[in-house]
Amino acid sequence: MGANAQTVVPVFTAGQVLTAAQVTQINTGIPVFATTTTRDAAFGGAGEKTLAQGQYAYIEATSALQVYNGSAWVSAVTAGLNFVGSVSLSGSSVTSGVVFTSAYENYLLLCNNLIMGTTDTVLFGQLDASGTPAATGYYSTEYRTQTLDGASAQTTVGYINANEMRLARFLNRRASFAATIFAPQLAQTSSWQTTTTTGTVTGGERPYSNIAGILDNSTSYNQIKFLASSGTITSGTVRIYGYSTS
């Protein structure tokens with residue numbers, strides 16, 4: 001934990017003599033917590049403040065300033081995109097941890113220079129409900145352009161009732177992508193759109209791929225699982241942002 005991190009938010013009684021450590025806690029202003037778990041544990045216990053509307057908190061793990069609106073913790077920064085967290089990718093699969101909450105309806109995923117262990121592969125995603133990934137029910141269409149030996153080509157492919165969402169297609173083991181995921185946390189049909197730019201290979205390239213689809217169920221998801229279609233993910237970081245609704 002950082003120098004200002006707290007484990008409790010105390011409440012004091014009339015006439016109580018405060019220690020230097022207690023006064024220091026008061027002087028920190030907005031309470032600072034290592035994670036949302038330590039934040040939640042700091043309210044409502046013996047000798048602690050009752051959580052109420054208007055309470056602020058700063059989370060070290062995600063560098064997020066939050067405010068309690070009376071029913072949930074939401075971002076205190078309400079304009080545009082708000083950083084939620086990042087996921088370091090490696091191996092055959094990685095689950096993000098909780099990144100989708102009631103604070104936002106829609107999310108943006110950005111990844112620059114993701115490197116895969118196999119030359120021609122796909123990065124997949126599965127929306128996940130607290131450790132239970134949705135492994136079927138994805139319907140999508142992929143449009144891609146390709147130049148091979150001086151000739152250009154366009155291809156459109158559909159994937160019906162697939163086991164995962166297609167996020168990015170790779171050639172030459174590397175690519176960058178931007179994906180918008182709509183309503184993953186709401187109990188309704190979720191959808192996504194993603195655009196990929198990819199590396200070149202000898203004699204040709206596939207510089208652009210655009211994919212859109214839906215997950216046809218009404219489950220609420222709070223995580224996303226990333227998977228390689230073959231081989232492994234060598235390295236890359238996905239940064240996740242929530243779209244403000246006002």
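The set of residues from the stretch 52-103 being open to solvent by less than 30 Å² (accessible area, probe 1.4 Å), part of a loop (DSSP other than H, G, I, E, B) and modelled with pLDDT of 90 or more comprises L89, S96, G97, V99, F100. Pairs are defined by a Cβ separation below 6 Å, a sequence spacing of at least 6 or placement on different chains, a first member in the stretch 185-199 that is open to solvent by 30 Å² or more (accessible area, probe 1.4 Å), and a second member that is of a type in the set (S, T, Y); the pairs so defined are Q185/S220; A187/S218; A187/S220; Q188/S218; Q193/T180; T197/S176.
The single condition among (1) closer than 29 Å to I233 by Cα; (2) modelled with pLDDT of 90 or more; (3) outside any strand (DSSP E or B) that T118 does not meet is (2). The residue that is modelled with the lowest pLDDT, counting only those in the stretch 216-234 that are within 17 Å of the chain's Cα centre (by Cα) and assigned to a strand (DSSP E or B), is L227. Restricted to the stretch 32-51, and to residues there that are of a type in the set (A, V, I, L, M, F, W, C) and not in a strand (DSSP E or B), the residue that is farthest from the chain's Cα centre (by Cα) is A46. Checked against (1) over 21 Å from G242 (Cα atoms); (2) over 17 Å from the mean Cα position of the chain (by Cα), S71 passes all but a single condition, namely (1).
Yes/no matrix, rows are residues, columns are (1) farther than 27 Å from S75 by Cα; (2) at pLDDT 95 or above; (3) more than 20 Å from the chain's Cα centre (by Cα):
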{"position": "V122", "(1), (2), (3)": "yes, no, no"}
{"position": "Q126", "(1), (2), (3)": "no, yes, no"}
{"position": "Q146", "(1), (2), (3)": "yes, no, yes"}
{"position": "T155", "(1), (2), (3)": "yes, no, yes"}
{"position": "Y159", "(1), (2), (3)": "yes, no, yes"}
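The values are calculated or read from the model by the stated rules, or taken from the named source; none is laboratory data. Just so it is clear, the structure is predicted and the values come from calculations on it, not from any experiment. Cβ coordinates were reconstructed from backbone atoms using ideal geometry, including for glycine residues, and neighbour counts include every protein chain displayed. Calculation scope for accessible area: heavy atoms of the full protein, side chains included, ligands and nucleic acids excluded. Shrake-Rupley method; radii C 1.70, N 1.55, O 1.52, S 1.80 Å.
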